[in-house]
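Rule-based calculations on the coordinates, nothing more; no lab input. Fair warning: this is a prediction, and the values are worked out from it, not measured in the lab. Backbone-built Cβ (ideal geometry, glycine too); neighbour counts: all protein chains shown.
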Amino acid sequence: MIGIINGRVYDPCNGIDGKVRDIWVKDGRIVSPAEVDRSAADIIDADGMVVMPGGVDIHSHIAGGKVNAGRKMRPDDSRGHERPSRELSQSPRVYTRSGTGRSVASTFKTAYDYVEMGYTTVMEGASPPLMARHTHEEFEDIPILDKGGYILMGNNHFIMDCIRRNEKEKARDYVAWLLGATKGFGIKIVNPGGVENFKYKQNVTDLDDKVIGFDVTPRRILETLSWINDELGLPHVPHIHGLNLGLNGNADITAETLIAMTGREAHFTHLQFMSYGGEMGKPVRSAAEVTARVVNANPNITVDVGQVVFGDTTTMTADGPVQYRLHALTGNKWFNDDVEAETGGGVTPCVYRKSNPFNAVQWLVGLELFLLIEDPWRVYLTTDHPNGGPFTCYPQVIRMLMDRDFRMQAFEGISKLARKNALLPELDREYSLYEIAIITRAGTAKRIGLDWKGHLGVGADADITVYADMEDREAMFARPRYVFKDGVLVARDGQIVCERPGQTVYVSPDYDTAIEKEVRRHIEDNYTIAFEHYAVSEKELSNGRQVACKP
Amino acid sequence: MGSQLNSEKTTAVSINDDGVTLRLKAPITLPVEAESICPDCFVGCQQSEILALPVFCGRRRKMLGDIFSVSGEASDRITVEGDLTHFKRIGQGMSRGRLTLRGDGGMHIGAYMKGGEICVEGNTRDWTGAHMTGGMIRIRGNAGHFTGAAYPGEIRGVNRGTIIVHGDVGNETGARMRRGLIVVEGHTGECTGAGMIAGSVFVFGKLGARAGAGNKRGSIVALGETAPMLPTYQYQCRAQFGFLGVYLRQIRKWGIAVSDDLLKGSFRRFSGDVTALNKGEILIHD
Ligand SMILES: [Zn+2]
C-alpha cells in the first residue's frame, strides 16, 4: 500500500485542478482512503509537488519493422547515445539492459527513456498486419510501459476488393479477423490508396482519385473503415494520416478530409505535417488556422500535433511516396518497403534546421495548432516520434506551450523568411498544468479508449507521476521525482529503479467465421507465408490484455 | 572521455616539459579501451593521478598504473613504450601536445582528434584518425582499413587535419572526408576516397581499385601506379597543376621523398564520380 499525500493533484478526468489531495494505492489500483490501513502504507510526502496520472502517448513509433529498419540503417543515431546497464539491486542481482540510440533507440532504452520522463503507456502508431508479430516481439522487450498498436488498413487489397464489390459487411468481418489475428488495438489509415498507387510510381492527391487496379477512392476507403470502426465498437476511433503529407498547400485537402468525416468519430494524427499553405514550388506558409478552424468546428474530431523539434531525427511512415520524396530532396539514405498485399513504407534520416525556412514553418505550424485548437481534450501532444523529433523532446515542447517568453525567444532564432507574417507572435495563450495534464494523459487515455488510465479516480491503474513544481517546466517534465507503474515505484529522480513487465492491450472483435475460408484463400494466393503462420496467437503475448469492444 | 576527465580538474599543476613516459609492464592481448591515454587528460595530472586514470581491460575496469609503469607528470607530451596493438582509442579527441608510440598502436588512434600531434613508430590498425578535425597523425609503418574515414552511418568524417602514413593503408582510406589531407607513401587498398565530400588524398605507392567511388569534390592524387579505374571517371586533360607543387613541397618537408621529376611532372586529370556530383578528380602522374 502506498499513500502519496499533500501533493497538488491534476486529474482532469475527475475535474481536479491543482487541489491538494491524498492518493491511495493498493494492489496496483487507486483506492479510496477507507480501503487503506495508513499505518501499514508507505507514505510519500508530495508537499509542494505536482501529482498527475502517468503519461499516455497516443501515437509514437517505438516497435516493429520500420523502427527496426531505422535502427539498422542508422548506426550514427547510436553514437553518443549509449545507455550503459545499471545495477538495480544487489541481491538478487538485477540490472537494467544497456541500449543505444536517440531517434531510433533500442527496445529497452525506449522504455526506460519514456518511463524516466513520467510516461507509462505508449501506442505504436502504425504496424503493418504482416509485421504485427515483429511489433509484438519488440513489445515484449519494451518493459514497464503498457503498449498497443494500430494496424494499417488503408491500402489493404482484401479491404479494397470488398469496397469495390460493395461488400462492406465482408470487409467488416475481415477487419475484425485481422485485428484479432494481429493482436492490434485499432484501425490505422495512412494515405488511403496512395501507398498502393506508389507501387506504380503514382500517388493520390484528391479524395476522389482512383486507386489503381481497385476502382475505389480514398474517400470510400475512409468511409468504409470508419463505418467498420463503429460497427465493431472498437475502443479507439479510426486513426487517420491523410493525403499529401508534407506538401505545400496540403491544408486544403486536409480540411476537406476533416469535413468528409463530419459526424463521424475520427482521430487525425500529426496534423502539423498536414497543415501547410502556399503552392508547390513556392515558399511554404503555415495554414494552421485553416485546419484548426475545421477541428474547432467538428467536436467528433481529435488530433495529435506531431510537433517538429529542431535537430537530427529519423523519419518513418507507411506513406512510401513521402519518404521517397524526402530522400530525393535531402539525398539522405532511404529504406523503402513493400508489405505484400497490405501497405508500404519508408525510412529516411532528416535534420530539422532553424535556419531552413521550410523546417521553421513546420515548427510554427505545430505550435500554432496547439494554441489555436481551443479544446485541449481534442488536441494531444506528440512529435509523431521520431518523425518530428524524438519523444525525449516532449518536455521542451511543454515549456513552449506553457511559457510564451520561452516560445518567443525560440521564435527569434528561426529563419527570417519563416518569421515574416507569422501568426505565432499574436498567440498569447499559455497552457496551464491542468491543460498539459489533458493533452499528455487524460485526453489521450480517454481517446485511445483506455478508461482505466489517464486518471486518478478509484479503480484506475495506479500509474502515477509526481513532479517537483519547478519554474523551468522543461526541467520539471524531463525528470519527475517519482514514477509509479501499477502502484510500483519504477523511477525516482529521473532514473529507473525497478523493471517489470508492461501489458500489451489488444482487441479481438467478434465476426462471422465464414470469412476465414476466404481469408485463407486470399493469403494462400497472395502471400509469401501460409495462413496458419499469419496470426499472432495469445500465447505469443506474455502479458496481453484484451480490451472489450462495444458494438 | 578525454575532455571530460580534463574538465573535472582545476589545473593547479604546472606543466612539466620533460613529458610523461608509459612503459607497458606485460604484454596484453585483451582489447583495452584506452582513451585516457591522451595529452588533455595528462596535462593537469600529478603522477598519482595519472596512475589512477581508468582503462577497461576486456570487461574489467583497471587503472593505468596497473598495466604501465609511469615516469613524469603534468605534461601534454606523452611517450608510450610497448606493443599497443590491442589498445583502442589512444589520443581520442586530443586537442594539444604530442603523443608518441614507440611500437604498434591499435584501433581508433587519434579518432575525433582536434589538435596536437600523434606519432606512431610502428603500425596501427583500423580507424586511425577517424573523424579528426585538426592536428597531425604520422604513422611510420602501415595503417589499417578506414584510415581517416567516417564511422558507419555518418554522412561526413574527417574535417581538417593531416594524416601521413609512411607504409601502406587498407581499404576506404579517407572515406566521406569533408576537408583535410591524407598522404600515403605506400600502397592503398580498395575504395580509397570512397564518398569523399572534399579534401585531398595523395598516394605515392599503388592506388588501389575503385578509388574515388561516389566522390563529390575530393582530389585523389596518384603519384605511382594505379589499379584500373572506375568507369564513372572521365578523362579530361593532361596538365601541370600549380597547386600540386605547393602540396608536394610541403610533403617533402614532412620527410617523404618527392623527386624533382614529380614536382615538375604533368598529370592526367579524370573527373568524377559521375554518379555523385562529378566535381571530384583523380590526378595521375605520367
Ligand atoms: Zn506516425
**Request:** For segment A:44-53, take each phi angle, set θ = phi - 60°, evaluate the Karplus expression 6.51 cos²θ - 1.76 cosθ + 1.60, and give the result in whole Hz per residue in order, putting x for glycine and proline.
**Result:** 10, 8, 9, 3, x, 9, 10, 10, 9, x
**Per-residue Cβ neighbour rank within 10 angstrom, fewest leading, B:221, A:67** = B:221, A:67
**Asked** Hey, got the average number of other protein chain Cβ atoms within 10 angstrom for residues in B:148-154?
**Response** 3
**Prompt:** By its C-alpha gyration tensor, with a ≥ b ≥ c as the square roots of the eigenvalues, how is segment A:161-302 shaped: rounded for a/c under 1.5, else prolate for a/b larger than b/c, else oblate?
**Reply:** oblate
**Asked** Efficiency by 1/(1 + (r/R0)^6): what FRET value for residue A:85 and residue A:500, r their Cβ-Cβ distance, R0 = 22 Å, to the nearest 0.05?
**Response** 0.85
**For segment A:104-117, Karplus couplings with θ = phi - 60° (6.51, -1.76, 1.60), whole Hz, Gly/Pro x** = 10, 6, 5, 4, 5, 4, 4, 5, 4, 4, 5, 5, 5, 9
**Request:** Report, by chain and number, residues whose modeled amide H sits under 5 Å from the one on residue A:22, excluding near sequence neighbours (fewer than 5 apart, same chain).
**Result:** A:6
**Prompt:** Any idea which of B:235, A:128, A:348 is furthest toward the positive side of the dipole for the protein assembly as shown, if Lys and Arg beta-carbons carry +1 and Asp and Glu beta-carbons -1?
**Reply:** B:235
**Fill in**
Mean Cβ-within-10 Å packing, highest first, puts peptides B:96-108, A:10-22, A:312-324 in the order A:312-324, B:96-108, A:10-22
**Prompt:** Picking from A:149, A:362, A:487, whose Cα lies most toward the positive end of the charge dipole for chain A (charges on Cβ: Lys, Arg +1; Asp, Glu -1)?
**Reply:** A:362
**Item:** Sequence of B:247, A:467 once ranked by neighbouring C-beta atoms within 10 Å, starting from the fewest
**Value:** B:247, A:467
**Message:** What's the magnitude of the charge dipole for segment B:126-285 around its Cα centre, counting Lys and Arg as +1 and Asp and Glu as -1 at the beta-carbon? Answer in Debye, nearest 20.
**Reply:** 560
**Request:** Would you pull out the residues with amide H under 5 Å of residue A:285's amide H, same chain only if 5 or more places away, H placed 1.01 Å from N?
**Result:** A:249, A:277, A:278
**Asked** With a sphere of radius 12 Å drawn around the Cβ of residue A:291, what net charge do the other residues whose Cβ falls strictly inside it have (Lys, Arg +1; Asp, Glu -1)?
**Response** -3
**Fill in**
A student applying the Cα gyration tensor rule (rounded when a/c is under 1.5; otherwise prolate if a/b is larger than b/c, oblate if not) would label chain A oblate
**Item:** Distance in nm between pseudo-label sites at residue A:468 and residue A:517 (7 Å out along the Cβ direction from Cα)
**Value:** 6.7
**Asked** Given charges of +1 on the Cβ of Lys and Arg and -1 on the Cβ of Asp and Glu, with all other atoms neutral, how large is the dipole of chain A about its Cα centre, in debye to the nearest 20?
**Response** 1000
**Fill in**
With the charge dipole of chain A built from beta-carbon charges (+1 for Lys and Arg, -1 for Asp and Glu) about the Cα centre, the Cα from A:449, A:217, A:288 projecting farthest to the positive end belongs to A:288
**Prompt:** What residues qualify as long-range amide H neighbours of residue B:79, i.e. H under 5 Å apart, gap of 5 or more or another chain, H built at 1.01 Å from N?
**Reply:** B:20, B:21, B:22, B:100
**Prompt:** Given the Cα-Cα distance of residue A:527 and residue A:201 and 0.36 nm per residue of separation, how much length would full extension add, in nm?
**Reply:** 115.2 nm
**Fill in**
Of segment A:521-551, those with amide N under 18 Å from the point 7 Å along the Cα→Cβ vector of residue A:169 are A:551
**Asked** What's the center-to-center distance, using Cα atoms, between segment A:211-263 and segment B:128-204 in Å?
**Response** 52
**Asked** Based on DSSP H runs of at least 4 residues, each adding -39500 (n - 2.57), what is the mean residue ellipticity at 222 nm of chain A after dividing by all its residues, to the nearest 500 deg cm²/dmol?
**Response** -9000 deg cm²/dmol
**Complete:** Assertion target for A:157, A:241, ordered by fewest C-beta neighbours within 10 angstrom first, is A:157, A:241
**Fill in**
Along segment B:163-179, Karplus-curve 3J(HN,Hα) (6.51, -1.76, 1.60; θ = phi - 60°) to the nearest Hz, with x for Gly and Pro, reads 10, 10, 10, 7, x, 9, 10, x, 7, 6, 5, x, 4, 6, 6, 9, 8
**Prompt:** Under a point spin-label approximation (7 Å from Cα along Cα-to-Cβ), what is the residue A:545-residue A:41 distance to one decimal in nm?
**Reply:** 2.1
**Prompt:** How high is the FRET efficiency from residue A:475 to residue B:119, r the C-beta distance, R0 30 Å, rounded to 0.05?
**Reply:** 0.05
**Asked** When the scattering of segment B:126-285 is computed by the Debye formula from its Cα atoms alone, each counted once and equally, what is log10 I(q)/I(0) at q = 0.13, 0.20 Å⁻¹?
**Response** -0.50, -1.27
**Message:** What is the angle, in °, between the Cα long axis of helix B:242-253 and the longest principal axis of the Cα atoms in chain B? Nearest 10 is fine, range 0 to 90.
**Reply:** 30
**Request:** As a check on your grasp of the helix formula, calculate [θ] at 222 nm for chain B: sum -39500 (n - 2.57) over DSSP H runs of n ≥ 4, divide by the residue count, round to the nearest 500.
**Result:** -3000 deg cm²/dmol
**Request:** Quickly rank A:124-135, A:367-378 as a protection proxy: mean count of other C-beta atoms within 10 Å, highest first.
**Result:** A:124-135, A:367-378
